[in-house]
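Undergrad: Pasting a structure here, questions to come.
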Amino acid sequence: MTITINGQELPAPNDSRTTLLDHLRENLGLTGTKKGCDHGQCGACTVLIDGRRVLSCLQLAATVQGDVTTIEGLSKNGTPHPMQAAFLEHDAYQCGYCTPGQIMSAVACVAEGHAGSDREIAEWMSGNLCRCAAYPQIRAAISACAAQGLESAE
Ligand code: FES
Ligand code: FES
């Protein structure tokens with residue numbers, strides 16, 4: 001059994017109880033996805049499955065249906081995704097621990113059409129916590145990326 005992750009067919013875990021988060025980090029070495037709470041409360045572990053946000057700490061790897069994208073899969077040929085570039089430009093992080101999850105969620109937030117205002121971004125990004133409280137910069141990055149469009153990454 002395999003799982004498609006960042007366009008690659010990779011093995012599913014032997015243990016059916018393994019979460020997608022643990023499988024990514026412990027078995028496949030994709031440590032960009034972070035473990036914060038491990039209880040579905042912080043958003044640090046956010047990945048995309050068929051473009052939709054999923055908390056990988058709550059998802060069993062063996063039950064994944066669809067293509068998984070992690071932070072490692074966003075850049076193309078060494079060029080950062082526009083959302084990654086916007087986070088850099090707007091200094092939208094401090095310690096950086098929440099940042100991969102923030103960026104994955106931000107990509108989906110824009111793709112969903114939920115980045116029309118600062119308030120709307122705050123609402124639709126509310127599942128991603130930042131202990132460093134970089135929220136104003138994160139919202140500014142998302143707003144700038146939404147204005148520019150995500151397409152230039154493709
Ligand atoms: S680690 Fe998954 S939501 Fe916190
Ligand atoms: S940048 Fe430190 S938790 Fe968000």
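The values are calculated or read from the model by the stated rules, or taken from the named source; none is laboratory data. Every value quoted in this text rests on a predicted model; they were computed, and no experiment measured them. Virtual Cβ from ideal backbone geometry, glycine too; neighbours counted across all protein chains shown. SASA here: full protein model, heavy atoms, side chains in, ligands and nucleic acids out. Shrake-Rupley method; radii C 1.70, N 1.55, O 1.52, S 1.80 Å.
Undergrad: Go through ALA141, ALA111 for me and flag whichever is within 15 Å of ligand 2 (Cβ to nearest atom), among the aliphatic types (A, V, I, L, M) and either surrounded by 14 or more Cβ atoms within 10 Å (Cβ to Cβ) or more than 28 Å from GLN8 (Cβ to Cβ) (or both).
TA: Details: ALA111 fails: within 15 Å of ligand 2 (Cβ to nearest atom).
Sole residue among the options that is within 15 Å of ligand 2 (Cβ to nearest atom), among the aliphatic types (A, V, I, L, M) and either surrounded by 14 or more Cβ atoms within 10 Å (Cβ to Cβ) or more than 28 Å from GLN8 (Cβ to Cβ) (or both): ALA141.
Let's see how each residue does on (1) crowded, with 18+ Cβ neighbours inside 10 Å; (2) closer than 16 Å to MET125 by Cα; (3) within 16 Å of ligand 2 (Cβ to nearest atom):
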site: GLY7; (1), (2), (3): no, no, no
site: ASN14; (1), (2), (3): no, no, no
site: LEU24; (1), (2), (3): yes, no, no
site: GLN41; (1), (2), (3): no, yes, yes
site: GLY51; (1), (2), (3): no, yes, no
site: VAL54; (1), (2), (3): yes, yes, no
site: GLY73; (1), (2), (3): yes, no, no
site: CYS95; (1), (2), (3): no, no, yes
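Undergrad: List, please: which pairs have Cβ atoms under 8 Å, are six or more places apart or on different chains, and start with a residue in segment 109-132 that is under 23 Å from GLN94 (Cβ atoms) and end with one that is basic (Lys, Arg)?
TA: Every condition considered, the pairs that remain are ASP118/ARG139; ILE121/ARG139; ALA122/ARG139; MET125/ARG139; GLY127/ARG53.
Undergrad: Report the residue count in segment 53-99 for those that are under 14 Å from the mean Cα position of the chain (by Cα), small (Gly, Ala, Ser) and within 16 Å of ligand 1 (Cβ to nearest atom).
TA: Selection size over segment 53-99: 2.
Undergrad: Just one of the numbered conditions (1) in contact with a His (Cβ under 9 Å, 6 or more places away or on another chain); (2) acidic (Asp, Glu); (3) within 16 Å of ligand 2 (Cβ to nearest atom) is not true of ASP91; which one?
TA: (1)
Undergrad: Would you check if there is a residue in segment 23-33 being within 22 Å of THR4 (Cα to Cα), part of a loop (DSSP other than H, G, I, E, B) and under 11 Å from the mean Cα position of the chain (by Cα)? Please lay out each step first, then the result.
TA: Within segment 23-33, the first condition is being within 22 Å of THR4 (Cα to Cα), and the residues that meet it are 23-33.
Going one step further and asking which of them are part of a loop (DSSP other than H, G, I, E, B), we end up with 28-33.
Still in the running and under 11 Å from the mean Cα position of the chain (by Cα): 32-33.
Yes, there is a match, as at least one residue in segment 23-33 is within 22 Å of THR4 (Cα to Cα), part of a loop (DSSP other than H, G, I, E, B) and under 11 Å from the mean Cα position of the chain (by Cα).
Undergrad: Moving on to the next point. Applying the selection to segment 86-106, what residues are in contact with a helix residue (DSSP H, G or I) (Cβ under 8 Å, 6 or more places away or on another chain), farther than 21 Å from ARG25 by Cα and part of a helix (DSSP H, G or I)?
TA: ALA86, PHE87, GLU89, ALA106
Undergrad: Give segment 88-123 a look and list any residue that's of a type in the set (A, V, I, L, M, F, W, C) and farther than 12 Å from SER143 by Cβ, or say none.
TA: Restricting attention to segment 88-123, the residues satisfying the condition of being of a type in the set (A, V, I, L, M, F, W, C) are 88, 92, 95, 98, 103-104, 106-111, 115, 121-122.
Across segment 88-123, the qualifying residues are LEU88, CYS95, CYS98, ILE103, MET104, VAL107, ALA108, ALA111.
Undergrad: Here is a further query. Are any residues in segment 56-71 farther than 19 Å from GLY127 by Cα and either open to solvent by 40 Å² or more (accessible area, probe 1.4 Å) or aromatic (Phe, Trp, Tyr) (or both), and if so, which ones?
TA: LEU60, THR63, GLN65, ASP67
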